[in-house]
Structures are given as C-alpha cells and as structure tokens.
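Down below is the structure, laid out as structure tokens.
What follows draws every value from the coordinates through simple rules; no lab data is involved. Treat the numbers as computed from the prediction; the structure is a model and nothing was measured. Heads up, the Cβs are rebuilt from the backbone with ideal geometry, glycines too, and the neighbour counts pull from every protein chain shown.
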Amino acid sequence: MNRKQCASCGEKTVPVEGKMMKRAAVFALAFICWLLGFGLMRASPRIYIPNFDAGRFLPLIPFIAAYLLAGVSVLKNAVHTLLKGHTLDENFLMAIASLGAFAVGEWAEAVGVMLFYMIGEILQDTAVNKSRSSIDALLALKPDSARVRNGDGWVEVSADSVAVSSEIQVRAGERIPLDGIVLEGSGSIDAAMLSGESNPLSVTAGDEVHSGTVSLDGVLTIRSTKTADNSSAAKIIELIEQAREAKAKPERFITVFARYYTPAVVVAATLLAIVPPLLFHDAFSVWIYRALTLLVISCPCALVVSIPLGYFAGIGGLSRRGIMIKGAAHLDTLAGAEYFAFDKTGTLTRGQFSLVKTEPADGVSETMLLETAARAERDSNHPIAKAIMKAVAEKGLHTGAQAVTIREIAGHGVVSEGRDGVILAGNQKLLEDQGIPVKTSDSAYTSVYIAKNGVYYGRILIGDTVKPDAAKAIAELKRLGIKHIHMFTGDMRTNAEAVAEKIGVTDVHAELLPQDKITAMEALMKRGTAVFVGDGINDAPVLARADAGIGMGSGADVAVEAADIILMGAEVERVPEAVKRSRKIRRVIMENIYFALTVKALFITLAVFGSTNMWFAIFADVGVALLAILNASRTLR
C-alpha cells in the first residue's frame, strides 16, 4: 500500500501495509510513556532523590521518550522542509507548536500534539489501505501464466510470452489470461471484476472473451487475439495508474492553498506572540501559549489528507462497478457536465444489422418469406444477407436446396436460380425492372424486397437495432438535470431521427464526417462543459477533443485510448450511473472542504482571544481530520 504525501508536504513518504502494525506498536509504547509522565507529575512531590529536583524534572523523562517515539518522523520532515527550502507544511507547524509547548513548560500538551497527530496518521493509513484494496484487487485480473497448446498436449508458460493466435486452455475456476475467441467448449464466465455485472455470461464457440474474467464451468479452448500487454486486464491496470496522476480542481486548490496558508499561519502566530505583549504590556508567556495553540489548530491535515483520499477511494469504488476514470480531473468534469453528445452506431444502437420486421404479401406467411429470402442470400457475404441468415437460423427455419446460379447485381440485390424457380432479393428497383409491382412505404430501415417466379412475396426490414437500455439511459440523464442531450452520427438523417425518436433525443446531428463531429462538439463546449460518448474509430478525435470523452469498453481500441472515462462493456446505462456517482464523490469532497475551513476558522478565533487551550486545539484538529477521513471513505461505496 503506497501513499503519496499531501501536496503541502516537503517529502514523499511511502508507508506500506507491513509498517502499519509497527506504527501501532510505537504509538502504544509512546502512549504508555505519556501516561507514566502524568503519573509521575502527580507522585513526584512525594519522591525524594538527593541533589535532584524530582518534583520538576522527573516526569520530563517519560514525556521526552513519548515525544521522540511519536514525533521523530514529524521532526525529521520539518527539518527536511527547512533544509530543502520547500513550502512550509503541517510537519513544520506540529514541530514548532510542540517544541514551543515544551519551552513554556507544557510537557504533557507537547506530547499530546504528537500523539494525536499520530492517531490521525494511523487513521489515514487505515482509510487509504481500505480504499486501495479495491484497486489492488484489480491486479489479480492479469494472470501470470497461461496453458498453451504444444503439439498434442498443453504446457504452462508465462502469459507475457503468449503470441497472438495461440491456442489457450482455460479450465473451470481459472481466470482467462488473454483476450480471444472461443474455439471449443461452452460454459459461463464471471465478468464482475471487468464489467461490474454480477450475472454470469454464457459463452460458446465463436464468442469473444476477455482477460480477467473467470470460467465458472466447463473447459474452454481459446484462440488469443491480443498479447498480454494489450489485453483488457492490462488496459484496466493502466487506467488505474493514469488515474493517480491527473489532479482535479479541488486537489489543485489545496496545493495552491497550502503553499500560501502555512507560511501565513506561521507569520500570524509569530505576530500574535510578540505584538500584543508589547502593546498591552501582558506577559509574553500568555501570548506565546496562544500562538502555539493557533499553530496546532491551523494544521491543514483534514484538507490535504481527505481530498486526495476522497478521489482515490472514489476512483477505486467506481472501478469495481466497471467505470474506469483516468484521473480525478475527469471525474470532476463529468460531475459538472451540462451537455452530452452520443454517437449513434455501436453506442446507442447495437452496431450490427439484424432483422427488424417482416411484411409478407397477402397469402404469404412470415416463414415462407424468410425461407425464400434465405435461398437467395445463403451464399452472399453482404452484411444484409448475413442478417437475414442469422434470423432464419434463430427461428430454426430451412434454407432449402442450394441454388444452381446466383448473380449479385451491384447496388440492387441478388438473383437466384434453382430447381424451384427464380428468386429476387434486393431493392425496389430490382423487382420493378423485372415488371414485378411492390407494396412500399417510408421506413427508416433498409428494405429487402422478395419475389419468386414473378410473384411478390413481401419485404424484410433490416436495420441497426436500438440497445435495450438506451432509452432508459437518456431518461435517467434527464432526471439528473442534463437538459441538453445530442446525437452525432454519420448515418442518414431519416435513420438517425428514427433512432432518436425511440430513445428520447431531440437534438440530432446527422450525416457528419469525423471533422464535422469535432466542429459540433466545439460548438457545445462554447456553451458549457460537454461530454461525448462513443465507441468507434471515427469517434476517437471527438473523444479526445471533448471536455471529457466516455469510451465504451466494447468499442475500438483507439476510441478507448482517446477516452478519459471507460465503461467496461456495451451498456449505455452506465453513463448516467457514472454521472450520479461522480457527483456524489464531488459532494463528499466539498463537504470536507467547507467543514474543515469552518471549524478551523472558529477555533482560530477562540485561540486568538484566549477562549481555548492546546488540549482543545489538539482535539479539534484531530477530530476534524478524523471526521473528514471517515467522510471521504464514503466514496468507496
């Protein structure tokens, strides 16, 4: 477990899980020494040691031991800050405040500063470790080894050494090491760590599978399609690493804030210790004590710890839901987005031709229409032909005998001649050129007209079907207050408007080239924060150009690379989920900022007027930090 030190600190410390027990043990020993010091303070007047003022100095021994045990790291960091000329930080504040307390005889309070600061550090490490665990779990997505075919057998090798097109065997209970296509076998796979979905997915020969998922039953033989470095699991881990680098606006605010805040506090405390005694002829010890109290209260631990922790924990929690964010800055942008633009094909629709509807002629059944079309299209590689054949197979229909001759007429369709006659399958012009009248009506889908032996059989409507969750996703975005939702597509306007009407999008930008999408996105960005959601190669430029780009994990690799946020899988309803969760994370972080600043301001005022002491300062500082850390930990959920 690693943790970068806060932005105001002069040195990076890297505590690890193994050190947490050691730190807890050191704290326990320091606390015992502190209690011993209290005991000696009460008992020392009754202790007589020749030539030694036990009543005054004996308790100092355990107090110094406790102080060094609890505060040595703080003192070292404070010295490092001064020697390196870095910005003064909370280590410097704690060191000055505690050493000053020793100087004015407040030994117990000096040790208390360090002890309670150490409690805050332990609580912080615990919270970070908890949030880190959700991210560290992702490291298990990438198996170290793979079982590869070697002649007639299988041999286990390093997953990094497996080449593309290798045959891999995955047994029940094992994690799939590389992306690939199932060659043999069938079963269920658990993709929860990859997509966030708990329901198992059924796979069989021909289906695509991703690294990081787990085979629940059966034995699968898979042909790898990517190397380990380019696998889905590797991409997720890479996204997590990128997420640690980008800073959000609140984080940048704290960096700048701490740069000026800490020196200002030191100057204010110095003036408080010197000016009032000179003006009002009070005892210097009274105002020095108030100045030291102000230093303790002013420590910005709650801010510099809870804000990065909130983002870190939030990104970890989102990753468990299959929402991968490349940096806290992108999470901030998503939370404040006002405009959303969606690509159509592959994002709001399935991106594949399929049968939408059949319109048989009078006296012709749907089965007869489809089987007749299948006889003509069975040997064609055209996407429309494949859609018809897939529908026929799904319905369990027959394709009949193979045609004797098949002629494909470019731009028109297919003419098939077989034992039972001539079949035409194509557009309206193909049939009309043969003198066959057709019944037609306007449609947003591609129409395939079918005729046999000069008789019109009907038409089949083929199109790219809308994803079942698309309308729900758009409605949820509107419920979240996103009033401006647009669709960008290179498809014809009639097709685009038909899809838009089904899912509830009113602003349609159709027949766009990639550069046109960028122009349209820039127009939205001038009006407010704009997010683009896409999955295709042609979406990559606008994904990179938008204030935040959301890529579908099922899309093209180049689109995933260009995007700032990745939704594992093809479910578009994850878009409003990402918005909702990012807003909650941002709200928690802003709560910490306002709460910490308010409490600090209140206690600083009390310290200046002498209405509080260092004990209250200690409890106020640690209490604010503790509450802020606990609140930040909510972002894990």
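Points worth noting:
- If R0 equals 56 Å, the separation of the Cβ atoms of Gln515 and Asn453 corresponds to a calculated FRET efficiency of about 0.70.
- In this structure the amide hydrogen of Asp207, modeled in the peptide plane, comes within under 5 Å of the amide hydrogens of Val182, none closer than 5 places in sequence on its chain.
- Sorted by Cβ neighbour density within 10 Å, fewest at the top, the residues Ile629, Ile119: Ile119, Ile629
- Projected area averaged over orientations for segment 143-230, convex hull of C-alpha atoms, nm²: 5.1 nm²
- Out-of-range pairs (alpha-carbon distance over 32 Å; input Lys226/Lys395; Lys226/Lys344; Lys386/Lys478): Lys226/Lys395; Lys386/Lys478
- Over segment 351-465, the Kirkwood radius and the radius of gyration, each from Cα atoms, give a ratio Rg/Rh of 0.92.
- Estimated distance in nm for a label pair at Leu82 and Ile32, the labels positioned 7 Å out from Cα along Cα-to-Cβ: 3.3 nm
- Peptide packing: for 356-363, 448-455, 545-552, 471-478, the average count of neighbouring Cβ atoms within 10 Å per residue gives the ranking 545-552, 448-455, 471-478, 356-363, highest mean first.
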